[in-house]
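S.K.: Sending over a structure as structure tokens; questions will come in a sec.
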Amino acid sequence: MSNRRTFAIISHPDAGKTTLTEKLLLSGGAIHLAGEVKARGQARRARSDWMKIEQQRGISVTSSVMTFAREFDGQGEITFNLLDTPGHEDFSEDTYRTLTAVDSAVMVIDAAKGIEPQTRKLFEVCRMRNVPIITFINKVDREGRPGFELLDEVADALALDVSPQGWPLGMGGLFQGVLDFSTGAVARPEGPSREFLGTREADAPIPAELAEEIELAQGGYPEFDEVAYRSGDLTPVYWGSALKNFGVEELIGAIARHAPPPRPQPADGGAIGPERPDVTGFIFKVQANMDPQHRDRIAFMRMVSGTFRRGMKLVPSGLGKPIAVHSPILFFAQDRELADTAEAGDIIGIPNHGTLRVGDSLSERNDVRFTGLPNFAPEILRRVALVDPTKTKQLRKALDDLSEEGVIQVFYPEIGAQWIVGVVGQLQLEVLVSRLEAEYKVAAMLEPSPFATARWIKGPVEAQEAFAGFNRANLARDRDGDMVFMAKSPWDIGYQQEKNPELTFSATKER
Ligand code: GDP
């Protein structure tokens, strides 16, 4: 069985993702991060979490993929691929798509705050793909909400069975450690972290009111069930403090033991799994490179099957003819010997000049189309107005490029000349304007658009044409030429759906 665990951390900003990531990396021993992918526009990207670690803590992790490995008793060496999900308040499709490339996720919750909006949004994306989730309730070294309240909130808000794997003996000033249900032992902070042990004697017996709590926690929730976990119906819950490096061992052990190895990925004609011998994979992210003189990009490919070797020829579904992958970026840590190969579950960075697009499938024989890498209906739509109207051509090129990269979506209305861009988060608009100016020398303004959202129209051709005949003013084409209904309100969509039962108005589009 594969020793790969490819996962992401989902959380609301400030819950402790960066701190936990750092501890996970450190626990993996020597950290070596190959092929750093630095972004253009350092200032803007400085918001990225990895930059944050790098700047504040002097560790070099400017990367979208972090690979680390370590030994576990009875399991041998496990290799972890941790994928960055940018954790802005306000996120982009990038974040969603990264979650299509992982096999599991760790959900970090701030013990004082519980489920926050971003946690919920990211969780919903995981649910769409049945991505199994391990919960880490962080910051138990501080006064938090009662454990039962937190567990019940996860269960209710996310409609998920929760299975606590331990119990915090007090929080904040009263914290004494975490009782591990599987061993019955109390894990207590060691070394300098003992200082947060609170006022009670560390070895004092568990007081009666806590004993009662523990009994309730052990009896009142479902037992851990790996099948239910792996199908996304149950989450095991761990408690700890990323800051004090407490509970992180238990967490990483749980990922090693329970998190699924590379899972089969949905494809036309049936899912493809790691047992397939030849190389297949899909592009889930494209990132512009640092050098502003070149249009170099790094396409991130999630390996679904096979063993990749440097120089191998692969056929991207969008191109139809093979490309030789001579200088892949392999994120593999530590062992240089291994740095020339990658296997199912791993991520490869492929430098290219725009040939590879998000959603492309790659295979040795051009016989695979992975599905389920959706575009999401934009929640914010803006008209793009040029400051200098002679720059139309440059603008079109820029919008096409940036939509390929997944920075924005672009819609070309059937009537009228003003192009519309769509995003799921405000930050994407800022990125758009600054990149138009810096990279394409196009000054543009974003103006309100009359539309609230967009829906991809699917259904029989005649029905589509009939619909188009009546609704020309509300139609646009996306980057691929597919027909999109531009809706002024959610009510609009409901109304059209009722009037056109043979069409579907889809909030996602799969390439
Ligand atoms: P992110 O935005 O989710 O990446 O959160 P960070 O890792 O940057 O943490 C946000 C803040 O919470 C920082 O000030 C951290 O030092 C603090 N923090 C993170 N983990 C813990 C923890 O376990 N206990 C306490 N007390 N503070 C923490």
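The values are calculated or read from the model by the stated rules, or taken from the named source; none is laboratory data. What you see is a predicted model, and the numbers here were worked out from it, not measured in a lab. Here Cβ is always computed from backbone atoms with ideal geometry, including for glycine, and neighbour counts include all displayed protein chains.
S.K.: Would you mind stating whether VAL410 is of a type in the set (Val, Ile, Thr), buried (at least 20 other Cβ atoms within 10 Å of the Cβ), part of a loop (DSSP other than H, G, I, E, B) and in contact with a strand residue (DSSP E or B) (Cβ under 7 Å, 6 or more places away or on another chain)?
M.R.: Here the answer is no, as VAL410 does not meet what is asked.
S.K.: Residue by residue through region 413-446, note down the ones that are basic (Lys, Arg) and either in contact with a strand residue (DSSP E or B) (Cβ under 9 Å, 6 or more places away or on another chain) or free of Cβ contacts under 8 Å to residues at least 12 places away in the same chain (or both).
M.R.: The answer is ARG435, and nothing else.
S.K.: Which of the numbered conditions does GLU201 fail, given that it passes all the others? Conditions: (1) surrounded by 14 or more Cβ atoms within 10 Å (Cβ to Cβ); (2) farther than 19 Å from ARG142 by Cβ; (3) modelled with pLDDT under 75.
M.R.: (1)
S.K.: Can I ask one more? Name the residue, out of ALA385, ALA468, ALA476, that is assigned to a helix (DSSP H, G or I), in contact (Cβ under 8 Å) with a residue 12 or more places away in the chain and small (Gly, Ala, Ser).
M.R.: When all the criteria are applied, what remains is ALA468.
S.K.: Ok, one more. When you go through THR100, THR135 one by one, which is the residue that is within 22 Å of THR79 (Cβ to Cβ), touching a residue at least 12 places away in the same chain (Cβ under 8 Å) and polar (S, T, N, Q)?
M.R.: The unique qualifying residue is THR100.
S.K.: Quick check on this structure: which one of ILE133, ILE137 is at pLDDT 95 or above, in contact with a Leu (Cβ under 7 Å, 6 or more places away or on another chain) and either within 23 Å of PRO222 (Cα to Cα) or surrounded by fewer than 20 Cβ atoms within 10 Å (Cβ to Cβ) (or both)?
M.R.: Just a single option satisfies the conditions, and that option is ILE137.
S.K.: Just checking, which of LEU83, LEU24 is within 25 Å of ARG127 (Cα to Cα), modelled with pLDDT of 50 or more and not assigned by TED's automatic domain parsing to the domain that holds ILE252?
M.R.: On inspection, the qualifying residue turns out to be LEU83.
S.K.: Any residue in region 366-378 that is at pLDDT below 80 sitting within a Cβ distance under 6 Å of a residue that is in a loop (DSSP other than H, G, I, E, B)? List the pairs, counting only those 6 or more apart or interchain.
M.R.: Close Cβ pairs (under 6 Å, with a partner that is in a loop (DSSP other than H, G, I, E, B)) amount to GLY372/PRO266; LEU373/GLY359; PHE376/VAL424; ALA377/ALA507.
S.K.: All but one of (1) touching a helix residue (DSSP H, G or I) at 6+ places or on another chain (Cβ under 7 Å); (2) more than 13 Å from HIS12 (Cβ to Cβ); (3) surrounded by 18 or more Cβ atoms within 10 Å (Cβ to Cβ); (4) not hydrophobic (A, V, I, L, M, F, W, C) hold for ARG142, so report the exception by its number.
M.R.: Going through (1) touching a helix residue (DSSP H, G or I) at 6+ places or on another chain (Cβ under 7 Å); (2) more than 13 Å from HIS12 (Cβ to Cβ); (3) surrounded by 18 or more Cβ atoms within 10 Å (Cβ to Cβ); (4) not hydrophobic (A, V, I, L, M, F, W, C) one by one, ARG142 breaks only (3).
S.K.: Just give me the residues in region 108-153 being away from the ligand (no atom under 16 Å from the Cβ), over 20 Å from the mean Cα position of the chain (by Cα) and assigned to a helix (DSSP H, G or I), in sequence order.
M.R.: Result: PHE148, GLU149, LEU151, ASP152, GLU153.
S.K.: Going by what's in this entry, would GLY253 be described as of a type outside the set (Ser, Thr, Tyr), more than 16 Å from the ligand (Cβ to nearest atom) and either at positive phi or at pLDDT 90 or above (or both)?
M.R.: The answer is yes for GLY253.
S.K.: Please go through region 470-499 and give me each residue that is small (Gly, Ala, Ser) and either within 25 Å of ALA398 (Cβ to Cβ) or buried (at least 18 other Cβ atoms within 10 Å of the Cβ) (or both), ordered by number.
M.R.: Passing the criteria: ALA476, GLY481, ALA487.
S.K.: Any residue in region 229-246 that is touching a residue at least 40 places away in the same chain (Cβ under 8 Å) and farther than 20 Å from PRO261 by Cα sitting within a Cβ distance under 7 Å of a residue that is buried (at least 20 other Cβ atoms within 10 Å of the Cβ) and of a type in the set (Lys, Arg)? List the pairs, counting only those 6 or more apart or interchain.
M.R.: Final answer for the pair search is SER241/LYS139; ALA242/LYS23; ASN245/LYS23.
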